[in-house]
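First up is the structure itself, then whatever we jot down about it.
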Amino acid sequence: MSRRERDDDYDASQRKGKAGSQTPSQAATQHGFSRDDMDKMISDATFYFLVADQKKSLIKRADLTKYCDLNKKPRAVQEDVVNRAIQHLLKTFGIKVQESESKKGCYFLINQLQENQDDENLQHINWSEKENAQMGLTFTILGLIFMSNGKVSDDTLFKFLKLLGVFEEERSKKTGRGADQAGDPVDPEVSELFDGDTKKFVNDILVGRQHYLKRDRVQGPDPEVEAYEYSWGERAEFEVKKSDVLKMVCELYECEPRMFKEQYDKVKEAEGDDALDTE
């Protein structure tokens, strides 16, 4: 399913939910609660979504109902509270709650607000130096994958990160000539931005926790050596526009998007003919 189709489905479901929705007072009366009780449950669920998303992990519905004391409430009450919290997040904070397509009952929070990249004072989110570095590396890796037909080998990825100066192979595993090719040591200040281990950051955080990347084992040239391929993860598919990635690459190479025909066609198919229009 393309990004445009997912957004259309989400918008349609939101309109359908609003069309048949009741006021909070009516919903509270129907479920046998006071308006204050209903408001508190919705507020608690909204707060849980926001707090649970701080590390960009998948948010599990089962955890939400447990910690918000909804798990002993009737199913209809749980549905109503969660749906109203989801609507509140979108209306008040500009955050879309997107259910995972591969793990039902799990959610991603996607920021819908457009940031002003030219004026930091007008931006909605202020990131620390570490957060900026991590998101910058994430976007760069996604760009490498997109420009490589959607997949890169682990060998290609980490050679690329070595060239960027953010990764070095463990010298203890290299001997002879291989030790000389391990690369220059990573600047300690740079290493600290990725908690001292860029490979662990990629595999444990970007793959395992945040789902910006997907990692699949594949058959490599040596059957005794584990080999993996990286592709875009589910969060990246929801959150990152391929048109933005292609625009970034074109800025680096000072060329038009049409110069990369395969990627250009994929962006048009996923986001529409005007996705790469320039003002």
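Dipole of region 187-263, Cα-centred, from +1 at each Lys and Arg C-beta and -1 at each Asp and Glu C-beta, to the nearest 20 debye?
It comes to approximately 440 debye.
Relative to the present Cα-Cα distance, how much length would full extension add between residue 131 and residue 256 at 0.36 nm per residue of separation? Intermediate values should be presented prior to the final figure.
Values: separation 125, 0.36 × 125 = 45.00 nm, distance 3.01 nm.
Stretched out fully, the residue 131 to residue 256 stretch lengthens by 42.0 nm.
Would you rank 82, 51 by solvent-accessible area, highest first, keeping every protein chain in place and using a 1.4 Å probe? All intermediate terms of the calculation are to be shown ahead of the outcome.
Numbers: 82 0, 51 65 Å².
So, going from the largest accessible area down, we get 51, 82.
The values are calculated or read from the model by the stated rules, or taken from the named source; none is laboratory data. Keep in mind it's a predicted model, so treat the numbers as computed, not measured. Methodologically, a virtual Cβ is constructed for each residue, glycine included, from the backbone with ideal geometry; neighbour enumeration extends over all protein chains shown. Accessible surface is based on the protein model in full, side chains and every heavy atom, while ligands, DNA and RNA are left aside. Shrake-Rupley method; radii C 1.70, N 1.55, O 1.52, S 1.80 Å.
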